[in-house]
1. Write out the trypsin sites (Lys or Arg not before Pro) in segment 263-366 meeting two conditions: DSSP loop, and at most 12 other Cβ atoms within 10 Å of their Cβ.
2. Using Cα atoms only, what is the angle between the long axis of helix 19-33 and the major principal axis of the chain, expressed in degrees (0 to 90) to the nearest 10?
3. Among Tyr23, Tyr161, which comes first, second and so on when ranked by fewest other beta-carbon atoms within 10 Å?
4. Which FRET efficiency value, to the nearest 0.05, is calculated for Lys377 and Lys29 with the Förster distance at 22 angstrom and r the Cβ-Cβ distance?
5. What's the FRET efficiency of Lys357 with Lys237 using the Cβ-Cβ distance as r and R₀ = 30 Å, to the nearest 0.05?
6. Which residue, Ile41, Ile196, Ile379, has the most motion in a Gaussian network model of the chain that connects Cα atoms within less than 10 Å?
7. Residues in segment 180-205, backbone N under 11 Å from the label point at Ile149 (7 Å along the Cα-to-beta-carbon vector): list them, ranges by number please.
8. Which FRET efficiency, nearest 0.05, do Glu206 and Ser344 yield, Cβ-Cβ r, R0 51 Å?
Amino acid sequence: MEKLKIAFYTDSYLPIKDGVTRYIVTMRKELERRGHEVFVITAGDQKTQELAENDPHLIVLRGIKFIDNKSILALDPTVLLQAINGRNFDIIHAQSPFSVGLSAAFISKITKARLVTTFHTHFFHRLALSKYISYVSGFLSSNRFLIKISKFFMVGYLKLYYFGCDKVISPSKFAKRLLRRNGIKNVEVIENGVEITDTLKISKNEARQLIGFSKRDRIILYLGRVDKEKNLEFLLKAARPLAKKGFKIIIAGRGPHLDEYRNKSMIMGLENVYFPGFIKEEEKRYYYRAADIFCNPSTFDTACLADIEAMNFNLPILVPKIGAQAEFLKKGNGGETFSTNNISEFVVKAMKIIKSKRRYIPRFVARKFNIKVSADKLIALYKRVLSNKHTIF
């Protein structure tokens with residue numbers, strides 16, 4: 001098989017541990033395992049720079065941080081040009097249309113490398129637009145008129161950016177519909193994947209002892225970024241009726257709204273909601289193994305790797321009917337769906353899972369989202385783009 005030289009251009013990379021970074025790290029590992037050469041070009045600070053010292057395929061562009069202390073605007077064209085000097089990439093794969101993504105488009109034109117991009121984030125959702133506005137002015141971030149105007153310009157910009165790409169990759173059919181509805185046509189669905197490993201070496205009771213819960217508890221787990229777009233307010237609102245059924249809710253992870261949700265939980269007097277904070281990678285398995293149900297109540301996500309990870313631990317998922325996550329359940333009986341405006345239904349579905357655990361086959365569903373399957377599809381797309389054989393989707 002022909003070996004490819006691939007460049008991932010991303011605004012987000014280690015030590016940041018969000019969904020995009022996890023996708024890049026996992027996909028890079030799988031592509032390299034197959035003999036392809038993968039470079040990562042990213043914006044980053046000193047911590048990312050330190051990682052690059054031991055990774056010759058990681059190129060860090062210096063820049064300025066936004067007020068969220070996470071997002072970095074790359075402003076280093078000299079390093080960028082040095083980075084691509086003589087490398088002759090076959091494929092440039094932009095993971096964002098901004099900052100470093102613009103650099104990807106620029107370099108693809110100079111080097112004649114083919115350009116593809118992945119739509120990881122619902123950029124024109126009101127919550128995303130509100131966040132971007134807050135980088136300039138927190139006071140204006142909730143202004144409806146400004147959000148509406150911002151959406152108009154955002155969609156226009158994305159149409160222009162994606163028009164210049166050979167292919168736009170969507171991680172779900174939901175995201176593809178969003179793009180096509182807004183006039184972006186050259187879209188192909190390739191679901192994100194995770195490494196499927198043997199995860200059941202520790203028993204549920206042992207895992208619960210390690211994280212401080214008893215075998216009698218009914219546990220609903222959320223594990224991910226604690227942010228507004230994750231709709232974690234829903235879990236707080238559902239906490240009281242769930243408590244009557246013996247449920248405890250774990251909201252694990254960190255993010256800009258962690259303290260806010262902790263305070264709200266205290267003010268509401270919720271004794272069955274727990275915030276353990278950041279969970280180390282090697283400790284996640286204890287939480288997945290200990291839980292009875294995994295729930296990410298967000299309708300914002302274009303995909304959710306945590307759902308697949310949870311199902312790989314044979315953990316049923318309970319997800320919104322509207323959004324990308326419901327697509328996982330079309331691949332097999334891995335859980336249930338609920339309406340985000342109906343707490344009673346959520347409680348009923350949670351009880352249904354508890355009482356009928358054996359009818360669910362989440363590990364079987366998870367195997368369909370193996371990173372190897374995703375890599376097969378991605379390599380096929382790369383080769384199709386390189387040979388100019390476009391398929392109408």
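1. Numbers: sites: Lys264, Lys280, Lys284, Arg285, Arg289, Lys321, Lys330, Lys331, Lys349, Lys352, Lys355, Lys357, Arg358, Arg359, Arg363; in loops: Lys280, Lys321.
When the trypsin sites (Lys or Arg not before Pro) of segment 263-366 are filtered for loop state and at most 12 Cβ neighbours within 10 Å, Lys280 remain.
2. 60
3. Result, fewest neighbours first: Tyr161, Tyr23.
4. Here the calculated transfer efficiency is 0.85.
5. It comes to 0.75.
6. Between Ile41, Ile196, Ile379, it is Ile379 that shows the largest mean-square fluctuation.
7. none
8. Given R0 = 51 Å and the Cβ-Cβ separation, E is 0.90.
Only the coordinates and a few stated rules stand behind these numbers; no lab work does. Predicted model only: the values in this text are computed from it and were never measured. Cβ atoms come from the backbone with ideal geometry, glycine included; neighbour counts cover every protein chain shown.
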